[in-house]
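Heads up: the structure comes next, in structure tokens.
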Amino acid sequence: MAVRDGEWKLVKRHGQDWELYQMDEDRTELNDLSTRNKPMVDRLSHQHVAWSQSVGVRDWSEAAALLRQKWGMDGVD
């Protein structure tokens, strides 16, 4: 998942915490600023949640459970 607002990019890999990058300064995403700029993480993560809800994005675990159920694989990880 990711959300971008101007020079800021917030990224979250499956099962990981949010990472924040200032793209004008760090285009290769090497310096995670999430612990140094909590207000920006909060703002962008709220934007992502609002967008996700507006378009019906499902959580990874929910989607995986639905697929397992559809294919008769309940209880398979």
Check: Taking region 5-34 on its own, how many of its residues are surrounded by 13 or more Cβ atoms within 10 Å (Cβ to Cβ) and at pLDDT 95 or above?
Finding: 15
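Got at least one residue in region 35-46 being open to solvent by less than 90 Å² (accessible area, probe 1.4 Å), touching an Asp or Glu at 6+ places or on another chain (Cβ under 8 Å), on the phi < 0 side of the Ramachandran plot and at pLDDT 95 or above?
yes
The values are calculated or read from the model by the stated rules, or taken from the named source; none is laboratory data. Note that the coordinates shown come from a computational prediction; the quantities given were computed from them, not determined experimentally. All Cβ positions, glycine included, derive from the backbone under ideal geometry; neighbour counts span all protein chains shown. Each accessible area value is taken on the protein alone, full model and side chains, heavy atoms only, with ligands, DNA and RNA left out. Shrake-Rupley method; radii C 1.70, N 1.55, O 1.52, S 1.80 Å.
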